[in-house]
Each structure stands twice: as structure tokens, then as C-alpha cells.
Ligand code: UGA
């Protein structure tokens, strides 16, 4: 089938490449000419395992094309996916200007019936706004062309996006018409051969499903972090508690890892936007606000532990702190809302110097912070430790899990680790003379 994808960001690019990979004829269109030029030159703007290969393979096969030519893009696809950004505006609400601009572009250029599929994460009611905008543009043109609007939210995880797309847990299709339902069925048929994972529903339910899923996951994280904070003050070990509660299949072991709070481009934005939606309709939703508040506080906990160790924030002045892990989670270079940033900025405010290392987010760190006297970018994880007064771990990259502790001790000025991801066994480290401070494990710091 001929498909058009508006937006070559994270969701658009993965969606376009993966739909091309199963045989659809895909055009990805973006207003950012530089980005399109880079993509045409074979450069993938994001770090996502496996994505280069899928993009290159399909560009070479002629099934995937990149363009800035919106008229051609609209003419191409029977189905037009909208995968442009919905960043939060100052009030925390999702900014819909890009989504609605695409609706306008499609309305102005379409010459045949189209199905417009909203893939961007958008507040409930947005598909109705897209429908209204398109209808308006068509009526301005005196056109009687028909169109359908479908909500088809995306559930990709960064770092596993290609796999998530090719092997989805579920495909949510919100539509009011049989025509759109049939076409969506055909698009996703290659992913459903052995087991149909598509769940059809009305448009608003599909839109809310996306927010409910992310808010539920964020709630699990804030919940376990709250219990972790209690555990360390009560002399309990959150890792034991985690295993103990996870054994109940109603709770499960997934997504209840304590840490420094959730980051990234999705949970913080989506939890905020859902809270905003509730406020807009005058409904008090205290749980959603609490999830966000717990998370904001959790991001500061590693700094607080360090400050306590050094006798208050002033004790960090002039200290050199190594930081391992800058990305908001492993396997990505994305540092949006990353807990590492909250720690690093607090360390700077206290007058400490940071020596940072991340397996892939070094360029991103340099881009965000530029050159500064109190930031050094280390070429590898051990180099970051040279002469440092402590190590702080913010992201649980595999390569940090089993390091050479002797080498670490040789390089560090003190055998002191603040671990925001609980990747080491406390017994082993304390046996070897380390001071090891982690999350939710006594002693409280
Ligand atoms: C999240 C969802 O998991 C996807 O299903 C969704 O499609 C996506 O948002 C989106 O809306 O686009 P992502 O932001 O890539 O995906 O990252 P996650 O793997 O979910 O991790 C989010 C944050 O939670 C990370 O900072 C991670 O460190 C933290 N986390 C996760 C924990 O602190 N504990 C856990 O047990 C799990």
C-alpha cells in the first residue's frame, strides 16, 4: 500500500522504515530540509539499535523515500500518518500546532479520498480537531472529498523501537468507519499473521489508551520509588521488597525498578498533559499530580545523598565527581528530562566539577552544556574516575554492571559510589572496603 508519514522524528522515522520493511511503499515527509538532506545521505539522526539497517535496506530497495515536497507526499499515500511533535507548551498542555498544520496541508493538497492517521501522542479530542480542520479546509476549497480520521497511538520504547514496532504487544486502532478499519487492517496485516494483536475501538478511547498506558507505567515507577524511600529509612532493602511484591502475578516483576525517577520525552510530558486534561474538564485527579511530584523529588535524591555524605551541599564545593551514564536510560543518547541532568546541575550549583562518561550520549552532553570549566567529558568509563572524590551512577548501561573494581579503586581518590540504579551488590562492595550508597537500601543517607 502507498503510505505517507508526516514527521521524521522518532516515531515517524521508525514507523516509516518498519512499514516499508514489510512491503509498503512509504514516503516520509518533513519540513526540516536539513534533516531530509541528512536522511537522504543515509545519516540517521537518532541513536536507535537496528534502525540504520532497516532505513538503508528500504531506501536501497526503493520502498522508502524522504522528501520535503508536501504536495507529492499528500498525492502519494492513500493513508497519511501524522507523526509530528506535540511538545508541551508553557502550561504543560500538548502543543497541537504541528498536528493541525499537517491536517491543513493534507486538506489543501488532497485530490482523492484519504485516511488521516494520528500517530503523535495527542490529548483526547485532538482527532476531532484534526477532522474539523480538514473539513474546514475542504469546504473553503468547495470540495466534497471524503476523508477518515483514525487514532493509532504508538507504544515504542526508545532503544527497542524497531523491535517493538515489528513485534507489537498490541496495535490500537480508533476509528468510526468500516472503510478505515479495513484499510488499517490491511496495513498491519504483516504484523498480525500468527496472532491478531489489533484492538479496534472508538477514536477517543484510543487517544486515552495512550495516556493511560504511560501514566500507569509512570505510576508504577513513582510507587516503587516512594516505597524505596520508606525502605531506606526503615532499615529495609527495596530490592528484596521488589522481588517479594513482584512474585504476585497481579503486580509482576516488570517496570517496578526503583531508581532516580523516570525521564525521557514521553512519561514526563504525558503525565503532565493528562493532568492538564483533567484540570481542563474540571476533574480533580490527585494521583496523576502525585506521580509527577514523587518523580520530580526522586531526581534530586542522589544529590541529597551526596550532600549528606559530604556534610551538606557546601561540602561538595571544589569536589570532583565522576558521573557514569547521562542518557535517561540505556541504549539511547536521549537526555531529555534525564535524571543525570538534575544531578549534574545541582553539583555545579554546589561548586563541584563533573567528569562525565556515557557510552553514546557524549555528543549530546556537549551539545546541551557546551564548553564549561566545571564539565569534563571522559573518553571512557575508567578515565572518568581519575582523581575523582566519588562516582555517581545515573544510567544502568550494561558496561557499568561488572566493572573492574580494583581499577576503579586505583583511579578514584576515595572508594565511594553513589548508585542511582542499584546495579551492584552492597555486600560485595562493603566487604571490599567501598562506601556504597544506593536507592532504597539502608543505611538511609
Ligand atoms: C515509554 C513507554 O515505555 C513506551 O511504551 C511508550 O511508547 C513511550 O514511552 C512513548 O510514549 O513514546 P520510553 O520513554 O522510551 O518509553 O522509556 P522507558 O523504557 O519506558 O523508560 C522510561 C523511564 O522510566 C526511564 O527513565 C527509565 O529509567 C525509567 N524506569 C523504567 C524506571 O525508573 N524503573 C523501571 O522499572 C522502568
Q. Rounded, prolate or oblate: which fits the chain, taking a ≥ b ≥ c as square roots of the Cα gyration tensor eigenvalues, rounded meaning a/c under 1.5, else prolate when a/b beats b/c?
A. prolate
Q) Just the Cα atoms of the range 124-181, one point each, no solvent: what log10 I(q)/I(0) does Debye give at q = 0.13, 0.14, 0.19 Å⁻¹? A) -0.50, -0.56, -0.79
(Q) For Cα pairs less than 8 Å apart in space and 6+ apart in sequence, what is the mean separation divided by the residue count of the range 211-297, i.e. the relative contact order in percent? (A) 38 percent
Q: Kindly list the residues of the range 124-143 that lie in the label zone of residue 2, defined by a backbone N under 11 Å from the point 7 Å along the Cα-to-C-beta vector.
A: none
Q. Rounded if a/c is under 1.5, else prolate if a/b is larger than b/c, else oblate: which is the range 211-297, with a ≥ b ≥ c the root eigenvalues of its Cα gyration tensor?
A. prolate
Q. Can you give me the Cα centroid spacing of the range 17-80 and the range 319-385 in angstrom?
A. 32 Å
Q. Out of 145, 274, 377, any idea which swings most in a Gaussian network model of the chain, alpha carbons joined below 10 Å?
A. 145
**Q.** Pair residue 383, residue 254: separation of 7 Å Cα→Cβ label points (nm)
**A.** 3.9 nm
Q. If the label point is 7 Å along Cα→Cβ of residue 91, which residues in the range 116-159 have backbone nitrogen under 19 Å from it?
A. 122-130
Q. For the residues 397, 434, what sequence is obtained by ranking on other C-beta atoms within 10 Å, fewest first?
A. 434, 397
Q | Span from the the range 148-162 Cα centroid across to the the range 235-279 one, whole angstrom | A | 21 Å
Q: Neighbouring Cβ atoms within 10 Å as the yardstick, rank 302, 230, 391 fewest first.
A: 230, 391, 302
Q | Share, in percent, of DSSP beta bridges within the chain that are antiparallel, nearest 5 | A | 5 percent
Q.
Just to be sure I understand: with springs between alpha-carbon atoms less than 10 Å apart, which residue in 144, 349, 93 has the highest mean-square fluctuation in the Gaussian network model of the chain?
A. 144
Q. Expressed as an acute angle from 0 to 90° and rounded to the nearest 10, what is the orientation of the C-alpha long axis of helix 267-280 relative to the principal long axis of the chain?
A. 60 degrees
Q. Most fluctuating residue of 342, 241, 102 in a GNM of the chain with Cα springs under 10 Å: which is it?
A. 241
Q) Rounded, prolate or oblate: which one fits the range 345-445, using the alpha carbon gyration tensor with axes a ≥ b ≥ c (rounded when a/c is under 1.5, else prolate when a/b beats b/c, else oblate)? A) prolate
Q: Compute the long axis of helix 51-61 from its Cα atoms, compare it with the longest principal axis of the Cα atoms of the chain, and write down the angle in degrees, 0 to 90, nearest 10.
A: 30 degrees
Q | Neighbour-count order for 191, 303, fewest beta carbons within 10 angstrom listed first | A | 191, 303
Q. Against the longest principal axis of the chain, how steep is helix 178-188, in degrees 0 to 90 to the nearest 10, with axes from Cα atoms?
A. 50 degrees
Q) Which whole-number percentage describes the relative contact order of the chain, with Cα contacts under 8 Å and a sequence gap of 6 or more? A) 12 percent
Q: For residue 192, put the label point 7 Å out on the Cα→Cβ axis and report which residues of the range 116-140 keep their amide N under 19 Å from it.
A: 116-119
Q) Taking only DSSP H segments of four or more residues, each worth -39500 (n - 2.57), what value at 222 nm results for the chain once the sum is divided by all its residues, to the nearest 500 deg cm²/dmol? A) -13000 deg cm²/dmol
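Only the coordinates and a few stated rules stand behind these numbers; no lab work does. The structure presented is a predicted model; accordingly, all values stated were derived computationally and were not measured. Heads up, the Cβs are rebuilt from the backbone with ideal geometry, glycines too, and the neighbour counts pull from every protein chain shown.
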